[in-house]
1. State the answer as a single residue: which of 86, 168, 155 lies farthest towards the positive end of the charge dipole of the chain, with beta carbon charges of +1 for Lys and Arg and -1 for Asp and Glu, about the Cα centre.
2. Relative to the longest principal Cα axis of the chain, at what angle does helix 103-113 sit, 0 to 90 degrees, rounded to 10?
3. Dipole size in debye (nearest 20) for region 1-65 around its Cα centre, Lys and Arg Cβ +1, Asp and Glu Cβ -1?
4. On a 0 to 90° scale, report how tilted helix 212-223 is relative to the longest principal axis of the chain, with both axes built from alpha carbons and the result rounded to the nearest 10.
5. What list of whole percents do you get for P(r) of the chain, with Cα-Cα distances grouped in 5 Å bins up to the one holding the largest distance?
6. Percent of alpha carbon pairs in region 125-174 separated by more than 16 Å?
7. Return the tail of the calculated pair distribution for region 27-98, meaning the percent of Cα-Cα pairs more than 21 Å apart.
8. Based on DSSP loop calls and a cut-off of at most 11 other Cβ atoms within 10 Å, the longest stretch of the chain free of exposed GluC sites (Glu not before Pro) is what?
Amino acid sequence: MICVGIDIAKDKHDCFILSSEGEILTDVSTIPNNVEGFDALLQTIRRCTRPADKIKVGLEATGHYSYNILGFLLNKGLPTFVINPLHTNLYRKSLTLRKTKTDRIDARTIATMLMPDVDLKSYTDTSYHNEKLKSLTRYRFDKVRERAKLKTSISRLVCILFPELEKLVPTLHIASVYALLSEFPGTQQIADAHLTHLKSVLSDASKGHYDRDKAVEIRDAARNSI
């Protein structure tokens with residue numbers, strides 16, 4: 001059995017390779033977080049193994065920093081184990097009185113945790129894609145919250161700058177209103193707009209729903225706005 005411990009960081013990863021008999025096959029080395037680094041790690045693993053050897057690769061769950069190398073390892077068919085950093089910390093402390101966290105120690109600790117007597121579940125393609133979906137879901141929720149804040153800000157500004165507009169449209173948050181405010185950011189600009197240009201902006205953004213009459217209505221409202 002060959003055990004590979006990888007300590008994940010943003011720009012580089014520290015790696016350590018150990019046999020199941022406790023022999024150090026490759027001391028801690030650092031690879032860059034890129035394709036060349038991943039290929040170098042794969043070559044090192046292959047140099048340390050024979051065809052009959054089983055391989056275990058372990059790394060800590062460090063969020064998005066680990067996604068690329070994790071996907072690489074899974075694509076190469078290497079049994080990979082994602083370990084909770086809390087478990088790594090507790091296991092390290094059980095082996096040594098040293099309390100300081102260092103990447104070199106953690107790479108060794110992860111490799112040691114992969115020994116046959118330690119119960120760990122192999123990471124799968126399904127787990128990998130589930131984590132990616134969770135990450136995308138969190139990203140979407142963040143963007144939805146940001147959009148809600150921006151809509152609130154737009155409503156507040158329109159209420160101050162052109163309060164009459166809200167009564168002339170079904171909602172402020174439609175393409176035609178956004179196009180109008182982008183082209184004419186204030187009531188004075190709308191009031192002074194050439195009718196043909198104003199009508200063109202509204203018609204194009206609303207796909208023909210708003211015509212010349214709507215442009216006249218909005219311009220008149222701007223000219224008489226408080």
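1. It is 86.
2. 70 degrees
3. Dipole size: approximately 220 debye.
4. 90 degrees
5. Computed distribution, short to long bins: 1, 6, 12, 13, 11, 7, 5, 3, 4, 5, 6, 7, 7, 6, 4, 2, 1, 0.
6. Everything past 16 Å amounts to 57 percent.
7. 34 percent
8. Looking at the chain, 24-226 is the longest stretch - no exposed GluC sites (Glu not before Pro) with at most 11 other Cβ atoms within 10 Å.
All of the numbers you see were taken from the coordinates with simple rules; none came from a lab. Fair warning: this is a prediction, and the values are worked out from it, not measured in the lab. Neighbour counts run over all protein chains shown; Cβ positions are idealised from the backbone, glycine included.
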